[in-house]
Amino acid sequence: MKHFFRMLLWSALALWVSGCAVSNPFGSSEFVDGNLPRVSSIRTLPDVSSVAFEWNLINDPRIDGYYLYRKEVGASGDFERVGRIESRFGAHHVDRELKPGTTYLYKMNTYNKATGGVSPDSEVVEAKTIALEPLGFVQAMSGYPRKVKILWGPHNDPRVSGYVVEREESGKWKSVGKTDSRLLVEYLDMKLEDGKEYRYRVLAKTHEGALSTPSEVVSAITKPKPPMVQGVVASVDIPKRIELSWEKSTQADVVNYKVYRAPWEKWNYSELTQTQGETSYVDNIDGDGKEYYYKVSAIDVDGIESLLPESPIYGTTLKLPATPVMEYARIENGQVVLRWAPTDDRSVEYVVYKSDGWFMPKTERFVGIKDVNFYDREIVPGKKYYYSVAAVDRHGLESKRSNEVVLLLPQEAR
């Protein structure tokens, strides 16, 4: 019976202890043991991202070490265990990776490893980390090609080991660069868009990684694109080539022009040439009436290219003259008489073609005809002859031949 009551007593005690137990993030279950000595006289020494602690040494063999708890002032939640000193002879500790300029509350316990007991809490102490002052001078320089230069003055705090440069993107700040020395106070933000404004701020950084309050926001605009090329014209009346010309750019540092060409007005443009500063170009083309569309851009000394115009310029090589219309074809008095109507003011002379058949024919070409009439007595009775006419302009371009006419001198007509 005594054994039964003793077991019942121990069971009740175990239930009471388990009700007082607290969760231990270091791996065991523990309870408050009022017999363990409390930590007293906690002293703090804050830095930028850390707080150092010192307390009165407790030389009591019942304890194996100390626990440290932290809570950020203004933050939700309870104290969080952040340190474990695994010797009762220790009297110093450093809590690291804290936020600069932030107030924290701390408390401590002693603990016994074997029983899982912890002492009652110490008094709560307050410590505020040191805030690094923001940089006093920051400047962003405009006008650089596709980059922005940011300058600032060295931070006075010797704990600073470098700087972080942030750029605003869609309303949020993003780190875009850093330097690794307190005295290196320049950064170039590269690969930016042309003629765009960018906003920056700079933060000092300590050896431990703590950041200062951000500097004031500064802005700069990258170098703009050159203005679009104006006055582009293309020829439409020159044989075998299209001549292009345009106005010189109003921007002094434009050093080159790029010509684009496409066979269609709306798409498929490709680079044709670069003129190395010349404001004209001759596009030599092996063909008559070849049509192309052109766009021209300006390029400055930094390689920045202007926008292309939405509407292109049309050009074409000189088309062939229009084909004459054969109006009269007869055999009169033993000779062929041809007469045609001019259809193109460009025509300066005509060419008459004569052949004697369709299978391996003999073809003659009569050139230099200034009139619109042609007479041919060199015909044989009973034989068919085929005639056509073409117009020639002052450049020597020859039109397509007219429709053929077929004439036959009867045998008895000779």
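Bear in mind these aren't lab numbers, they're just calculated from the coordinates by the rules spelled out. Owing to the predicted nature of the structure, the values given are computational and were not obtained by experimental measurement. Every residue, glycine as well, gets a Cβ built from its backbone with ideal geometry; the counts of neighbours run over all protein chains shown.
In this structure, SER49 does not qualify as out of contact with any strand residue (DSSP E or B) (no Cβ under 8 Å at 6 or more places or on another chain), among the hydroxyl-bearing types (Ser, Thr, Tyr) and either closer than 29 Å to ARG159 by Cα or assigned to a loop (DSSP other than H, G, I, E, B) (or both).
The set of residues in the range 145-188 being small (Gly, Ala, Ser) and surrounded by 14 or more Cβ atoms within 10 Å (Cβ to Cβ) consists of SER161, GLY162, GLY177. Scan the range 132-141 and give yes if some residue there is in contact (Cβ under 8 Å) with a residue 40 or more places away in the chain, within 24 Å of VAL73 (Cα to Cα) and among the polar types (S, T, N, Q), otherwise no. So far as the range 132-141 goes, no, none of its residues is in contact (Cβ under 8 Å) with a residue 40 or more places away in the chain, within 24 Å of VAL73 (Cα to Cα) and among the polar types (S, T, N, Q).
For the range 404-414, a residue qualifies if it is in a loop (DSSP other than H, G, I, E, B) and buried (at least 18 other Cβ atoms within 10 Å of the Cβ), and exactly one does: LEU409. Restricting the search to strands (runs of 3 or more DSSP E) fully inside the range 312-367 and requiring at least 3 residues that are of a type in the set (D, E, K, R) gives 325-332.
Restricting to the range 368-403, and then to whatever is part of a strand (DSSP E or B) and among the charged types (D, E, K, R), can you tell me which residue is nearest to LYS319 (Cα to Cα)? Top of the filtered list is GLU398.
For the range 241-250, which positions are over 11 Å from THR316 (Cβ atoms) and surrounded by 15 or more Cβ atoms within 10 Å (Cβ to Cβ)?
From the range 241-250, those over 11 Å from THR316 (Cβ atoms) are 243-250; that's our starting set.
Answer for the range 241-250, where residues must be over 11 Å from THR316 (Cβ atoms) and surrounded by 15 or more Cβ atoms within 10 Å (Cβ to Cβ): GLU243, LEU244, SER245, TRP246, SER249.
Tell me yes or no: at least one residue of the range 339-349 is touching a strand residue (DSSP E or B) at 6+ places or on another chain (Cβ under 7 Å) and basic (Lys, Arg). So far as the range 339-349 goes, yes, one or more of its residues are touching a strand residue (DSSP E or B) at 6+ places or on another chain (Cβ under 7 Å) and basic (Lys, Arg).
Starting from residues that are part of a strand (DSSP E or B) and of a type in the set (Ser, Thr, Tyr), keep the ones in the range 192-225 and report whichever is surrounded by the most Cβ atoms within 10 Å (Cβ to Cβ).
Of the residues in the range 192-225, the ones part of a strand (DSSP E or B) are 197-206, 211, 218-221.
Filter once more, so that each one left must be of a type in the set (Ser, Thr, Tyr): 198, 200, 206, 219.
Working: TYR198: 21, TYR200: 25, THR206: 23, SER219: 12.
Checked the range 192-225; the qualifying residue surrounded by the most Cβ atoms within 10 Å (Cβ to Cβ) is TYR200.
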